[in-house]
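Below: the structure, in structure tokens.
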Amino acid sequence: MKNIVVGQSGGPTAVINSSVAGIYKRAKELGVEKVYGMVHGIEGFLNENIIDLDEYLNNDENYELLKRTPSAFLGSCRYKLPEIDGNEEVYEKIFKILEKNHIDALFYIGGNDSMDTIKMLSDYAKEHNKKEVFMGVPKTIDNDLPITDHCPGYGSAAKYIATSLKEIIRDNSSFDKTRQTVCIVEIMGRHAGWLTAAAALAKDDDCEGVDAIYLPEVDFNLDEFIKNIKDLAKKKSSIVIAVSEGVKTSDGKFVCELNDDDRKVDAFGHKQLSGCASTLASIVVKETGLKTRAIEFSTLQRAATHLASLTDINEAEMVGIKAIDAANDGKSGMMITLERKDYNGYTSTTGIYDIHNIANVEKKIPLEWIDTKNNQMTKEFIDYARPLIQGELLPIFKNGVPTHLVRK
Ligand code: F6P
């Protein structure tokens with residue numbers, strides 16, 4: 001490979017930049033001349049908005065800093081490539097930019113929607129006998145890519161969620177029954193409950209854990225929810241509930257839409273789903289009169305690199321490295337996957353899979369991992385998720401706060 005290009009797409013994670021780092025490192029080891037970065041994913045690439053990563057990553061200090069930098073260092077996008085038929089000019093433009101810059105391989109770090117870009121580009125290349133190769137690198141806090149055991153980005157978001165919930169539970173338990181407080185915490189994850197389920201990881205010898213967990217995989221029943229809070233309020237002063245932004249009633253309505261249903265929709269048809277906790281909190285106050293707080297983790301859960309999981313950082317770097325190796329072997333139209341090797345002493349390795357079985361497919365939590373009777377997660381989920389949040393990589397502090405690598 002002479003030159004390559006890497007792009008980041010979709011919602012950022014705390015470790016998405018570690019995959020860029022892995023791609024850069026391995027490409028240079030293999031003698032690749034230029035490692036370009038797309039600024040704002042394929043959308044920016046269409047305007048030939050690319051940078052040379054040598055300007056940023058040619059020393060160990062910046063490499064380490066990149067791994068500790070949240071958000072998409074290269075800039076992200078939510079851009080859907082059009083169908084090939086009837087839109088050939090879009091594809092021709094992309095291939096012209098590739099040829100002009102002597103780029104032999106394109107790497108796209110993203111989730112289900114972003115993998116659609118790799119699918120379309122590799123299909124076009126095959127149909128038109130193009131030599132360039134296209135590799136998907138997994139990333140999503142939602143953990144909903146199929147085939148792979150888990151997704152880089154999930155472990156760190158899960159670690160933040162478990163940690164923050166422990167802290168919230170501590171705080172919420174400060175007062176006695178005269179100051180009973182219900183705290184409803186909203187967690188991202190759109191249509192899959194992996195992130196919200198991570199609330200279960202807060203429970204330990206020193207923490208009673210959350211009182212209930214509501215996931216999008218199970219229909220949300222408002223009457224049962226209120227009844228559960230009233231029952232809990234008879235027994236305890238602190239009530240902490242974890243709820244997914246994507247919970248829906250049995251008629252398919254998002255709970256966050258119960259008060260307003262005028263939602264923005266992105267290029268992939270996904271509604272913006274925030275406001276579920278505040279919607280529920282206002283209903284709880286009305287129905288129970290209890291002091292109620294709504295907390296939305298929102299951006300915090302995917303930007304908390306200061307609390308990232310070292311396992312996650314290492315795996316994000318590893319999928320970047322393996323994507324380069326695969327492209328170097330001539331593979332195209334595929335995504336690197338993570339495989340769990342040993343359940344007891346947790347180790348992982350990588351695999352590789354056809355992008356056609358991955359793009360646009362969402363993996364939900366197995367229903368048998370959800371204890372619907374008690375609104376909790378089963379031991380199977382805990383055993384699956386706990387290893388993914390292990391280890392820490394301390395930020396590099398400057399002026400009292402973590403310092404980051406930023407594009408000029
Ligand atoms: O896809 C990742 C994700 O973080 C989802 O969990 C969330 O619903 C969505 O992105 C939010 O997207 P945006 O930041 O574009 O509003």
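The values are calculated or read from the model by the stated rules, or taken from the named source; none is laboratory data. None of the values given here were measured: they were computed from a predicted structure. Reconstructed Cβ throughout: ideal geometry from the backbone, glycine too, with neighbour counts over all protein chains shown. Protein only, heavy atoms only, side chains kept; ligands, DNA and RNA dropped before computing areas. Shrake-Rupley method; radii C 1.70, N 1.55, O 1.52, S 1.80 Å.
From Ile396, Ile389, grab the single residue that is open to solvent by 60 Å² or more (accessible area, probe 1.4 Å), under 19 Å from Ser18 (Cβ atoms) and in contact with a helix residue (DSSP H, G or I) (Cβ under 7 Å, 6 or more places away or on another chain).
Exactly one of Ile396, Ile389 is open to solvent by 60 Å² or more (accessible area, probe 1.4 Å), under 19 Å from Ser18 (Cβ atoms) and in contact with a helix residue (DSSP H, G or I) (Cβ under 7 Å, 6 or more places away or on another chain), namely Ile396.
Would a scan of the range 122-139 turn up a residue that is buried (at least 24 other Cβ atoms within 10 Å of the Cβ), on the phi > 0 side of the Ramachandran plot, at pLDDT 95 or above and among the polar types (S, T, N, Q)?
Within the range 122-139, not a single residue is buried (at least 24 other Cβ atoms within 10 Å of the Cβ), on the phi > 0 side of the Ramachandran plot, at pLDDT 95 or above and among the polar types (S, T, N, Q).
Taking Leu280 as the residue in question, decide whether it is within 16 Å of the ligand (Cβ to nearest atom), buried (at least 21 other Cβ atoms within 10 Å of the Cβ) and among the aliphatic types (A, V, I, L, M).
Considered against the rule, which asks whether it is within 16 Å of the ligand (Cβ to nearest atom), buried (at least 21 other Cβ atoms within 10 Å of the Cβ) and among the aliphatic types (A, V, I, L, M), Leu280 comes out as no.
Among (1) without any contact (Cβ under 8 Å) to a residue 60 or more places away in the chain; (2) open to solvent by less than 40 Å² (accessible area, probe 1.4 Å); (3) of a type in the set (Phe, Trp, Tyr), which single condition is Phe381 missing?
Against the list (1) without any contact (Cβ under 8 Å) to a residue 60 or more places away in the chain; (2) open to solvent by less than 40 Å² (accessible area, probe 1.4 Å); (3) of a type in the set (Phe, Trp, Tyr), Phe381 comes up short only on (1).
Please return the ranges of helices (runs of 4 or more DSSP H) entirely within the range 248-344 where 3 or more residues are more than 17 Å from Ala198 (Cβ to Cβ) and not aliphatic (A, V, I, L, M). Don't jump to the end; show me each part of the working.
Numbers: elements: 276-288, 300-303, 310-328.
So the answer is 276-288, 310-328.
Using the structure shown, decide if Asn344 is open to solvent by 70 Å² or more (accessible area, probe 1.4 Å), of a type in the set (S, T, N, Q) and at pLDDT below 95.
yes
Kindly indicate whether any position in the range 12-22 is out of contact with any strand residue (DSSP E or B) (no Cβ under 9 Å at 6 or more places or on another chain), at pLDDT 95 or above, open to solvent by 10 Å² or more (accessible area, probe 1.4 Å) and within 16 Å of the ligand (Cβ to nearest atom). Let's see the steps before the verdict.
Within the range 12-22, the first condition is being out of contact with any strand residue (DSSP E or B) (no Cβ under 9 Å at 6 or more places or on another chain), and the residues that meet it are 12-15, 18, 21.
Applying the additional criterion that residues be at pLDDT 95 or above yields 12-15, 18, 21.
Now narrow it down to the ones that are open to solvent by 10 Å² or more (accessible area, probe 1.4 Å): 12.
Then keep just the ones that are within 16 Å of the ligand (Cβ to nearest atom); that gives 12.
Yes, the range 12-22 contains at least one residue that is out of contact with any strand residue (DSSP E or B) (no Cβ under 9 Å at 6 or more places or on another chain), at pLDDT 95 or above, open to solvent by 10 Å² or more (accessible area, probe 1.4 Å) and within 16 Å of the ligand (Cβ to nearest atom).
Within the range 189-205, work out how many residues are open to solvent by 10 Å² or more (accessible area, probe 1.4 Å), of a type outside the set (Lys, Arg) and near the ligand (Cβ under 10 Å from one of its atoms).
Residues that pass the stated criteria total 1.
Any idea which of Asn228, Asn221, Asn259 is within 16 Å of Asn374 (Cα to Cα), more than 14 Å from the ligand (Cβ to nearest atom), out of contact with any Leu (no Cβ under 9 Å at 6 or more places or on another chain) and open to solvent by 50 Å² or more (accessible area, probe 1.4 Å)? So that I can check it myself, show each step before the final result.
Details: Asn228 fails: open to solvent by 50 Å² or more (accessible area, probe 1.4 Å); Asn259 fails: within 16 Å of Asn374 (Cα to Cα).
Going through Asn228, Asn221, Asn259 in turn, the sole match is Asn221.
Working only within the range 23-48, note down all residues that are crowded, with 16+ Cβ neighbours inside 10 Å and within 22 Å of Lys80 (Cα to Cα).
Answer for the range 23-48, where residues must be crowded, with 16+ Cβ neighbours inside 10 Å and within 22 Å of Lys80 (Cα to Cα): Tyr36, Gly37, Met38, Val39, His40, Gly41, Ile42, Glu43, Gly44, Phe45, Leu46.
I'm told Gly189 meets every condition in (1) out of contact with any strand residue (DSSP E or B) (no Cβ under 6 Å at 6 or more places or on another chain); (2) modelled with pLDDT under 95 except one. Can you identify the failing condition by its number?
Going through (1) out of contact with any strand residue (DSSP E or B) (no Cβ under 6 Å at 6 or more places or on another chain); (2) modelled with pLDDT under 95 one by one, Gly189 breaks only (1).
Considering Thr372, Thr350, which residue is open to solvent by less than 70 Å² (accessible area, probe 1.4 Å) and of a type in the set (Val, Ile, Thr)?
Values: Thr372 fails: open to solvent by less than 70 Å² (accessible area, probe 1.4 Å).
After applying the criteria, what remains is Thr350.
Could you check, for the range 165-184, whether at least one of its residues is within 16 Å of the ligand (Cβ to nearest atom) and modelled with pLDDT of 95 or more? Reasoning before the result, please.
So in the range 165-184, the residues within 16 Å of the ligand (Cβ to nearest atom) come out as none.
No; the residues of the range 165-184 include none that is within 16 Å of the ligand (Cβ to nearest atom) and modelled with pLDDT of 95 or more.
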